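Student: Before I ask anything, let me first share the structure, which is written out below as C-alpha cells.
Laboratory data are not the source of any read-out in this text; all were calculated from the coordinates shown. None of the values given here were measured: they were computed from a predicted structure. Neighbour counts are summed over all protein chains in view; Cβ atoms, including those assigned to glycine, are modelled from backbone coordinates with ideal geometry.
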C-alpha cells in the first residue's frame, strides 16, 4: 500500500512540472549578437548589434537579399549604466544570451579590461565563450559590417574566426573571452589579442565593399595593452604554436630575391630555462615538417632545408627583438621561468633558437598546377 501511495505522489509531482510554464515568444525579443565597448571622455559606450532572426538562419530557397543590421548605442558612467541606457529605446526586451563576439576599443584596453569585467559578467545572460577582438576603428562601422555573400551576418570573421585561422595559419590565433581573462590574470603571461581594421580592397557590384580583417596583434599585460604589432612584426609568433597546422613561409635568398614558398606543420616546441653569463636564457628547440609549395629557383634539398631553417629563425628573432624594443615579452618567456618555480624579474630573458626542419615532400603535383 505504501508503494502505491508513493507512486501516486511522485506522479502528481511530475504532472505539476509538465508544460511550458516559462515559454517565451522569441519574436518579442531583440537578440544581441555582438557587443562593442569603448571608453571616451570619462564615459563608457556600449554598441549592440541586433539582427533579425530570419537573417541568422539558413533558409531553403532564400535569395541573397541582406537584412539590415541594427546597431544600438548606450552611454554611462559604467558598463552597467551604459547597457541600461541602451535599453531605454530598445522597444522590446533585450536578450544578451546570443552574444558571439566582443569588440573592444584600443582606448578601453589602455585603461584596462578589468575595469569592465565585473559589470559585464554580472548578469547571468553573458557567457565566457564569445570571441574577442580589439580595434581603433569606429565601432558603429565595425558592427555594421555585412558578409560578402548571402543574407546571414554570421558569415563574417567575428562569428567564426577559427575557420579562417585553420586555412590561413597566420600569427593570429582567435581568442575567446575566457582565454582573455584567464591569461590576463597570469602574472607573467603576455596576452596576444587580434586587432581588426576595416578594408575596402574588395568590390561588390562595382563599388568598394567594406570588410573587417585582422591587421595585427595587441599585447596585453595584467589586462592592459602595452603595444601593438603589425602583421609583419608579429610573423614569428605562429612558429611557437604547436597548433599551427600549416604555416606559410616565403623564401628569399641572400640577395633578397624571391625563391619560393614553403608550407610548415607539425610544430614541436621544447622550452628550456638556463643561466648563462649571469643572464636568464630560454632555449627553444623547434622541430617541424616542411614541403615546398612554389619554387622559382633550382635548389637542392640541402640548400632548401638550410634556407627554410634560416628564414624561420629570422622571423622568430625579428618578432622577439621588436617586442623587446617595446618592452613586451611577446613570447611569454618569463612565464616559462615562472611555471618552473624559478625567480622572475621584469627583464625579458635572452632567447636561443635551435630550429630543425624535416623536408618531407616537394609537392610537385601542386607546382604543376
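Student: Which value in nm describes the separation of the simple spin-label points at residue 185 and residue 207, placed 7 Å from the Cα toward the beta carbon?
Tutor: Roughly 4.7 nm, to one decimal.
Student: Once you sort the root eigenvalues of the Cα gyration tensor of the stretch 27-230 as a ≥ b ≥ c, which label holds: rounded (a/c under 1.5), prolate (a/b larger than b/c) or oblate (the other case)?
Tutor: Taking the square roots of the gyration eigenvalues as a ≥ b ≥ c, the stretch 27-230 is oblate.
Student: Sticking with this one: Quick check on the exposure proxy: order 37, 73, 148 from fewest to most C-beta atoms within 10 angstrom.
Tutor: The fewest-first ordering by Cβ neighbours comes to 148, 73, 37.
Student: Report Rg(Cα)/(2.2 N^0.38 Å) for the stretch 237-368, keeping two decimals.
Tutor: This ratio for the stretch 237-368 stands at 1.18.
Student: Ranked highest first by average number of other Cβ atoms within 10 Å, how do 316-326, 117-127 line up?
Tutor: Packing order, densest peptide first, comes out as 316-326, 117-127.
Student: PRE reach from residue 232 (point 7 Å along Cα→Cβ): which of the stretch 319-352 fall under 13 Å by backbone N?
Tutor: 319
Student: With each label point set 7 Å from Cα along the Cα-Cβ vector, what nm distance links residue 75 and residue 97?
Tutor: Taking the simple label geometry, residue 75 and residue 97 are separated by 3.3 nm.
Student: Something else about it: Full extension from residue 254 to residue 148: what is 0.36 nm times the residue separation minus their Cα-Cα distance, to one decimal in nm?
Tutor: 34.1 nm
Student: Considering Cα pairs under 8 angstrom that are at least six residues apart, work out the relative contact order of the stretch 27-230 and quote it in whole percent.
Tutor: It rounds to 20 percent for the stretch 27-230.
Student: Same structure, new question: How much length, in nm to one decimal, is gained on full extension between residue 197 and residue 107, taken as 0.36 nm per residue of separation minus their Cα-Cα distance?
Tutor: Working it through step by step, the gained length comes to 30.9 nm.
Student: Arranged from highest to lowest average of other beta-carbon atoms within 10 Å per residue, in what order do the peptides 260-271, 86-97 appear?
Tutor: 260-271, 86-97
Student: Take peptides 192-202, 98-108 and line them up by average Cβ neighbours within 10 Å, highest first, as a rough protection proxy.
Tutor: My ranking of the peptides, most packed first, is 98-108, 192-202.
Student: So if I restrict to the alpha-carbon atoms in the stretch 294-360, what is the Rg, and what is Dmax, the biggest pairwise distance, in Å?
Tutor: Reported Rg and Dmax, both Å: 16.2, 50.
Student: Between residue 7 and residue 265, what is the label-point separation in nm under the 7 Å Cα-to-beta-carbon projection?
Tutor: Label-label distance for residue 265 and residue 7, simple model: 6.0 nm.
Student: Would you mind pulling out the separation of the Cα centroids of the stretch 301-316 and the stretch 202-274, in Å?
Tutor: 17
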